[in-house]
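Presented below is the structure to which this report refers.
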Amino acid sequence: MRSGNIFLKRNEVVFVVILSALLLVVFPMALDSFRLNLVGKYLTYAFVALGLVLCWGNAGILSLGQGIFFGLGGYGMAMFLKLEASSPEHTAIQSTPGIPDFMDWNQITELPAFWLPFHSLTLTIVAILVVPAVFAWIIGVAMFKRRVGGVYFAIITQAIAAILTILIVGQQGYTGGINGITDLRTLKGWDIRTDFAKEVLYFVNVALLLGCLLLAQFVRRSKYGRILVAIRDKEDRVRFSGYDVSNFKIFIFCFASVLAAIGGAMFTLQVGFMSPSFVGIVPSIEMVIYCAVGGRLSLFGAVYGTLFVNYAKTIFSESFPELWLFAMGALFIGVVMAFPNGLAGLWQAYAQPWFDRIGQRGAPRPISPAPISPTAAPAERRT
């Protein structure tokens with residue numbers, strides 16, 4: 001793969017190979033089905049972290065509401081799976097067969113119109129990609145066209161996440177309420193609850209994550225990515241140069257929302273349910289912590305940071321479940337104060353120079369040409 005502004009550099013190719021080997025070879029060989037599915041669940045959050053690197057790290061847009069788009073993608077996939085599990089044969093004991101059980105419990109006798117497209121897997125995939133992008137576009141136009149940014153944008157996105165959570169919980173008959181959408185069984189007749197299915201979904205998840213990582217890296221290496229960095233550092237200067245700053249921000253915000261929605265859809269497939277607890281303020285802040293711990297300037301660091309924080313959360317919460325949120329806050333404060341560039345910054349500061357020195361030792365030394373005597377013949381001097 002060529003080295004350049006858009007293509008991966010040589011060391012980044014090495015990082016891709018190492019990450020691919022870790023996710024596709026080491027974890028499947030070393031972990032049982034339960035733990036592997038747990039890692040797959042962690043990796044669904046990495047999609048959100050990738051988008052945050054582009055938004056927060058490159059463009060300087062801190063969004064505290066990425067759980068919105070994660071939830072939209074997750075609910076979209078859950079709606080399709082729930083309709084497949086709610087066939088008239090499976091729901092014959094209900095008052096109204098053919099609709100999800102929570103609708104029947106809330107005395108709804110007809111499938112709502114906005115649920116109808118989710119009978120089709122193709123339309124579901126389109127909705128998972130388009131609906132979050134449109135929603136992000138509406139938010140972006142409303143905010144960035146009015147030059148709302150910084151802490152104000154972060155607070156507004158946090159408020160929207162809280163509003164969406166309240167809306168989902170309040171509309172129990174249409175969304176499943178606080179319990180969410182559960183009892184998801186098959187995908188086009190394929191049972192997703194078996195260990196084999198979860199392993200297959202894990203590899204699909206990894207393939208999508210690596211593809212999104214390469215696509216995000218392509219965006220960062222392009223001219224568009226360089227303009228985003230310029231907007232982060234000197235927004236007024238970019239605006240005075242003739243660029244429409246708001247359009248650049250809107251696009252990258254929409255792109256990050258689509259990445260988060262893909263992660264949400266894969267989360268539903270990996271875990272087998274979706275609930276409003278993954279949409280609100282707390283999960284959105286946790287997703288920012290994943291990015292900060294890994295390094296908000298590194299896409300690879302975001303993936304490793306997501307794995308590290310979630311693994312620590314699993315281990316710590318098993319022993320001290322009530323103290324995990326305090327530990328998460330302390331971790332975030334410690335990262336910001338001690339190493340603001342996260343794990344990627346530690347690698348660049350300590351490990352990368354060491355590897356560079358090893359590479360320089362192994363590289364062949366250039367051979368300098370032998371000096372030519374001034375008394376040599378003209379032909380020899382030309383040689």
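What follows draws every value from the coordinates through simple rules; no lab data is involved. What you see is a predicted model; the values in this text were computed from it and never measured. Don't worry about glycine lacking a Cβ; one is built from the backbone with ideal geometry, like all the others, and counts go over all protein chains shown.
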Fill in the blank from the handout: Counted neighbours (other Cβ, 10 Å), sorted fewest up, put F308, F218 in the order F218, F308
Problem - Rel. contact order, % - alpha carbon contacts under 8 angstrom, at least six apart, the stretch 125-256 - result: 38 percent
Handout entry: Leading residue at positive end of dipole, the chain (Cβ point charges), from P340, A312, M274
Key = P340
Exercise for the section: Report the label-to-label distance for K223 and A159 in nanometres (one decimal), using points 7 Å from each Cα along the Cα→Cβ vector. Expected result: 3.8 nm
Exercise for the section: Give, as ranges by residue number, the residues of the stretch 249-263 whose backbone N falls under 13 Å from the point 7 Å along Cα→Cβ of K145. Expected result: 250
Completion exercise
Distribution output for the stretch 205-284: share of Cα-Cα pairs per 5 Å bin in percent, first bin at 0, values 3, 12, 18, 18, 15, 13, 10, 7, 3, 1
Completion exercise
In degrees, nearest 10, the alpha-carbon axis of helix 121-144 is tilted away from the dominant principal axis of the alpha carbons of the chain by 70 degrees
Handout entry: Burial ranking of peptide ranges 298-305, 78-85 (average Cβ count within 10 Å, highest at the top)
Key = 298-305, 78-85
Fill in the blank from the handout: Going through K9/K198; K82/K198; K249/K313 one by one, the pairs whose alpha carbons sit over 22 Å apart turn out to be K9/K198; K249/K313
Practice task
With only Lys, Arg, Asp and Glu charged, each at its Cβ (+1 for the first two, -1 for the last two), find how big the charge dipole of the stretch 10-357 is about the Cα centre; round to the nearest 20 debye.
Solution key: 1460 debye
Completion exercise
Length-normalised contact order of the stretch 62-120, Cα under 8 Å, at least 6 apart, in percent, tallies to 28 percent
Exercise for the section: Among the aspartates and glutamates, select those whose C-alpha is under 20 Å from the C-alpha of K188, and discard any that sit fewer than 8 residues away in the same chain. Expected result: E84, E89, D101, E199
Handout entry: Between helix 195-221 and the chain: long-axis angle, C-alpha atoms, 0 to 90°, nearest 10
Key = 50 degrees
Exercise for the section: Mind pulling the angle between the C-alpha long axis of helix 33-52 and the longest principal axis of the chain? Nearest 10 degrees, somewhere in 0 to 90. Expected result: 70 degrees
Completion exercise
So F240 and D32, fully extended at 0.36 nm per residue minus their Cα-Cα distance, gain in nm 69.2 nm
